[in-house]
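Working notes for the structure below.
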Amino acid sequence: MAFGGFEEDSTNSKPLSEINIIPLVDVMLVLLILFIITAPLLTPHAIKIDVPEASSQPIPDEPNKIVLAIDDKGALFWNDGRIDEKEFATRLAKAAQKKPQPELHLRAFKKTQYQRLAEIMSAAQNAGITRLGFITEQE
């Protein structure tokens, strides 16, 4: 029995009325150690740092883009507005001079001739447009 001797006295075999608190103390010490270790981690922003302010401008979310559509007859549409060849060359030259340069997105109909598309790409390259992309439709 707990804290009792090894006596084999059967006449005094009353139940022991003491509570064994050693396991309870062991558990409490383990919990105390865990709280001591984790307490510093619970304080947010323990180190205060003076962060310098940024002096630059925020980056724009989406760059300027020009959507140039070419229908099956070869007609040009600059951002959904129909234009002729002279207007196309003028607008293309102005767009090439902008900083930052806008992206030219080409959207061609299925039956647009490759010759016409190659002419448009060549005109864009001659004007100085360096950012060119194609718009496609998912099936």
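Numbers at a glance
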{"quantity": "Every residue from the range 35-50 that is in a helix (DSSP H, G or I) and modelled with pLDDT under 80", "calculated": "Pro40, Leu41, Leu42"}
{"quantity": "Selection count where residues are of a type in the set (Lys, Arg) and in a loop (DSSP other than H, G, I, E, B), scope the range 85-104", "calculated": "2"}
{"quantity": "Residues within the range 93-111 that are among the aliphatic types (A, V, I, L, M) and within 22 Å of Asp71 (Cβ to Cβ), tallied", "calculated": "4"}
{"quantity": "Long-range neighbours under 8 Å by Cβ, at least six apart or interchain, first residue at pLDDT 80 or above and assigned to a loop (DSSP other than H, G, I, E, B) within the range 6-34, second surrounded by 10 or more Cβ atoms within 10 Å (Cβ to Cβ) and not hydroxyl-bearing (Ser, Thr, Tyr)", "calculated": "none"}
{"quantity": "Considering residues of the range 62-100 that are β-branched (Val, Ile, Thr) and touching a residue at least 40 places away in the same chain (Cβ under 8 Å) only, the residue surrounded by the most Cβ atoms within 10 Å (Cβ to Cβ)", "calculated": "Ile70"}
{"quantity": "Any hit, the range 112-131, residues being touching a Pro at 6+ places or on another chain (Cβ under 6 Å), surrounded by 16 or more Cβ atoms within 10 Å (Cβ to Cβ) and aliphatic (A, V, I, L, M)", "calculated": "no"}
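The values are calculated or read from the model by the stated rules, or taken from the named source; none is laboratory data. Keep in mind that this is a model prediction, so the values were computed, not measured. Note that we place each Cβ from the backbone using ideal geometry, even for glycine, and neighbour counts take in every protein chain shown.
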